[in-house]
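Structure first, commentary second.
All of the numbers you see were taken from the coordinates with simple rules; none came from a lab. As the structure is a computational prediction, the values presented were derived from the model and not from experiment. For neighbour counting, all protein chains shown are included, and Cβ atoms are generated from backbone atoms with ideal geometry for every residue, glycine included.
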Amino acid sequence: MVGFVPTMGALHAGHLSLIDFCRKECSLTVCSIFVNPTQFNDPADFEKYPSTLESDIDRLESAGCDLLFLPSVHEIYPGGLNKINKYELGDLETKLEGAFRPGHFQGVCQVVERLLEIVQPAKLFLGQKDYQQCMVIAKLIVLMGKEEILSLRICPTLRESDGLAMSSRNMRLNKEERIKAVQVSRVLKMIKEQIKPGDISGLISSAAFILADEGFRVDYVSVADADNLEPVEEWDGRKKLVALAAAFLNDVRLIDNMIL
Ligand code: AMP
């Protein structure tokens, strides 16, 4: 059985944990590294995206990955970057990440559809770190009519010892920013610990306020229905929820989420 772990490189232990899950469940583990130009709504973010190919290859070898697929832009976009498909993602692509990164999930679907066509995996391993992306790709699998032959495994978020979610973008944080960055996970943890049935809007805004007060530029802090990402401000005490946050520290954008 072919298992597949798509990445954009600058690999860290979070990526390697996906390789590990894949190796345990599949007979062949394929990883791809491709920094997908069409999913970057901000060209500067694309240009500054870290690249550490030599060490990525060493890490994949030590982790026991069987095959690394390192496509060129032409291989993924044979018709050119402007010849693109349109995916019907509904309001999944306009809320949260979608609202702040217009076009991002269309770009994600472009690349993932093409990678799935080429690699033809039976299992796809994604990180919960990108919660909304997991939901978008689940939808893409249905749109591609592959739900019978491709199963999606969503793997837990690996964190640094202080709680910061591992991310390739963390490499771009300076010392002072790195210390502050942990606040994103702290406010999510605060929501998780303090949430009670009833009106939760005050708790959500105090989390956003803490981040702003620490010097973050907050895109959103939200508590949503874990199944469809509909925002929740009044909790019935039963619905499964997820708290999500995205915020910039200078020009580095951090995202994280926690199931409550
Ligand atoms: P990226 O290279 O950032 O596109 O991520 C490639 C895959 O690794 C995606 O499925 C991510 O959700 C997953 N991933 C990123 N960070 C983590 C993490 N800290 N823990 C687990 N998986 C992660």
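Quick look at the numbers
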quantity: Expected 222 nm ellipticity per residue - DSSP helices of 4 or more, -39500 (n - 2.57), all of the chain, to 500; calculated: -11000 deg cm²/dmol
quantity: Extension gain, residue 189 back to residue 84 (0.36 nm per residue minus Cα-Cα distance, nm); calculated: 33.9 nm
quantity: Two-site FRET efficiency, residue 225 against residue 13, from Cβ-Cβ distance with R₀ of 22 Å, rounded to 0.05; calculated: 0.15
quantity: Sequence-distant lysines (8 or more away, or on other chains) whose Cα lies within less than 21 Å of residue 139; calculated: 86, 95, 123, 129, 240
quantity: Neighbourhood net charge (14 Å Cβ-Cβ; Lys/Arg +1, Asp/Glu -1) for residue 78; calculated: -1
quantity: Translational diffusion of the stretch 168-259, µm² s⁻¹ [Kirkwood Rh, Cα pairs; Stokes-Einstein; 10 °C; 1.306 mPa s]; calculated: 118 µm²/s
quantity: DSSP-defined beta bridges in the chain - what % are antiparallel, rounded to 5; calculated: 55 percent
quantity: The chain - percent relative contact order, Cα under 8 Å, separation 6 or more; calculated: 17 percent
quantity: Ranked 180, 24, 189, 175, criterion: other C-beta atoms within 10 Å, fewest first; calculated: 175, 24, 189, 180
quantity: Added length on full extension, which subtracts the Cα-Cα distance from 0.36 nm per residue, residue 27 to residue 147; calculated: 41.2 nm
quantity: Neighbour-count ranking [beta-carbon atoms within 10 angstrom, fewest first] of 176, 148, 97; calculated: 148, 176, 97
quantity: Taking 149, 154 and counting other C-beta atoms within 10 Å, the order from fewest to most; calculated: 149, 154
quantity: Two-decimal ratio, the chain, of alpha-carbon radius of gyration to 2.2 N^0.38 Å; calculated: 1.00
